[in-house]
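Below is one structure; the comments refer to it alone.
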Amino acid sequence: MAKVVTVFGATGSQGGGVANALLEDPKFKVRIVTRSASSDKAKALQERGAEVIEGNFDDASSLERALQGAYGTFLVTQHSFEDPDFDQLEIKQGKAVADAAKAAGVQHVVFSSLEDVQKIMGFPCLHFDSKAQIEEYMKSLGLPLTVVKYPGFYDNYLSSRMVQKLEDDTYEIAYPLEGAGMHGISVAVDAGFAVTAIFKNRAEWLGRTVGFSAEKLTIQQHADILSKHLAPRVFKPSKMTSDEFSNLPFPGAKHLGDMFKFYRLGNPDHSPELTRQLYPGTRGLDQWVADNKEALLNAMS
Ligand SMILES: NC(=O)c1ccc[n+]([C@@H]2O[C@H](COP(=O)([O-])OP(=O)(O)OC[C@H]3O[C@@H](n4cnc5c(N)ncnc54)[C@H](OP(=O)(O)O)[C@@H]3O)[C@@H](O)[C@H]2O)c1
């Protein structure tokens, strides 16, 4: 009989990739949790066979319904930089899902965590530190856990946020990495198949942490790849430092600046080898850009 896996965030990037890959595997029955069962994304998943539970991280009874009878669950927690206490809310919500998974006797929890930057580096990165605290709580409950860590999504290039067209018609990539390398992956496809492989091989992956990555590239290398495939457009890295980025006037700039500083100085542990062991089809940026050329051109038009 197919095993039920409850996917949180299935109408979003990480959970969407996981739900998509699980739906292709007859060993699993996908249950998704959404605040709006009538949204286009929820309905599209339902049409492909997903069971849809209307729920909310803030509603314990909906978490109970979502996890009742589930074999596994994929959890990615959320935060809104508009909320000054976003990290505390994220921790509260993540712990509520952990409690519900424990109560329901879920046999395999795959949690999308991130590093405890405060502990490792001595400076905070609140949307990372919050996930590390949830991970610690899950461990303290003795949940049957596999921890995954996502690097920067290649898919961020499909929204125009990280690329800006300058007056000279060149395109500037905003990642303020100051020459350092950054791990990356396709969140919508490749990472989802890697998570599915973890659910398929519980005994091998239980108790382990996997930092996903297709490869580690500098932003100059990103620029060269984008320029090659999207010519005649020319891409180049921003010269901004992470500290300058932190001072930009938008909500979350400080926390994202902290994140880029951590990427640069903390050398977070991501493994292309383990990622390809899980999903041999994991594409590097060059292949991903080639595969998404039309969508990228639309996003940057
Ligand atoms: N962007 C990157 O490069 C990157 C890299 C690594 C990690 N991350 C982390 O990724 C996380 C965001 O994940 P994502 O990009 O996959 O999210 P996303 O695409 O923004 O989608 C958000 C998802 O969360 C669900 N959701 C939001 N609030 C909820 C609530 N109160 N109760 C239940 N579900 C709720 C939404 O479902 P409905 O709207 O259907 O309810 C939706 O499916 C962040 O924590 C970030 O730190 C991002």
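The values are calculated or read from the model by the stated rules, or taken from the named source; none is laboratory data. Fair warning: this is a prediction, and the values are worked out from it, not measured in the lab. Backbone-built Cβ (ideal geometry, glycine too); neighbour counts: all protein chains shown. The area values use the complete protein model at the heavy-atom level, side chains included, leaving out ligands, DNA and RNA. Shrake-Rupley method; radii C 1.70, N 1.55, O 1.52, S 1.80 Å.
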If we ask which residues in region 143-176 are under 18 Å from Asp258 (Cα atoms), away from the ligand (no atom under 13 Å from the Cβ) and not in a strand (DSSP E or B), their number turns out to be 1
Taking region 87-112 on its own, how many of its residues are within 14 Å of the ligand (Cβ to nearest atom) and touching a helix residue (DSSP H, G or I) at 6+ places or on another chain (Cβ under 7 Å)? 11
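Please go through region 197-218 and pick out each residue that is open to solvent by 10 Å² or more (accessible area, probe 1.4 Å) and in a helix (DSSP H, G or I). Spell out how you get there, then give the answer.
Filtering region 197-218 down to residues open to solvent by 10 Å² or more (accessible area, probe 1.4 Å) leaves 197, 200-204, 206-209, 215-218.
Selection gives Ala197, Lys200, Arg202, Ala203, Glu204.
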When Glu115 is evaluated against the numbered criteria (1) assigned to a loop (DSSP other than H, G, I, E, B); (2) away from the ligand (no atom under 12 Å from the Cβ), which criterion, by number, is the only one it fails? (2)
Residues that are within 24 Å of Thr282 (Cα to Cα) and not assigned by TED's automatic domain parsing to the domain that holds Ala253: find the strands (runs of 3 or more DSSP E) completely inside region 3-112 holding 2 or more of those. 3-8, 28-34, 72-75
In region 288-301, what residues are modelled with pLDDT of 95 or more and crowded, with 16+ Cβ neighbours inside 10 Å? Trp288, Val289, Asn292, Leu296
Give region 118-142 a look and list any residue that's touching a strand residue (DSSP E or B) at 6+ places or on another chain (Cβ under 7 Å) and away from the ligand (no atom under 16 Å from the Cβ), or say none. Lys139
Given (1) more than 18 Å from Leu143 (Cβ to Cβ); (2) among the acidic types (Asp, Glu); (3) open to solvent by less than 20 Å² (accessible area, probe 1.4 Å), where does Glu54 come up short, assuming only one miss? (3)
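Assess whether Ala103 counts as being open to solvent by less than 80 Å² (accessible area, probe 1.4 Å) and over 21 Å from Val187 (Cα atoms).
Numbers: open to solvent by less than 80 Å² (accessible area, probe 1.4 Å): no; over 21 Å from Val187 (Cα atoms): yes.
Against the criterion (open to solvent by less than 80 Å² (accessible area, probe 1.4 Å) and over 21 Å from Val187 (Cα atoms)), Ala103 does not qualify.
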Do you know which of the residues in region 229-275 that are open to solvent by 80 Å² or more (accessible area, probe 1.4 Å) and in contact (Cβ under 8 Å) with a residue 24 or more places away in the chain is farthest from Ala194 (Cα to Cα)? Glu244
Residues within region 213-243 that are within 23 Å of the chain's Cα centre (by Cα) and of a type in the set (A, V, I, L, M), tallied: 6
Which pairs have Cβ atoms under 7 Å, sit 6 or more apart or on different chains, and link a residue in region 1-28 that is closer than 17 Å to Gly152 by Cα and open to solvent by 40 Å² or more (accessible area, probe 1.4 Å) to one that is near the ligand (Cβ under 6 Å from one of its atoms) and not small (Gly, Ala, Ser)? Ser13/Phe153
Residue in region 113-131 that is touching a Ser or Thr at 6+ places or on another chain (Cβ under 9 Å), over 26 Å from Gly266 (Cα atoms) and aliphatic (A, V, I, L, M) present: no
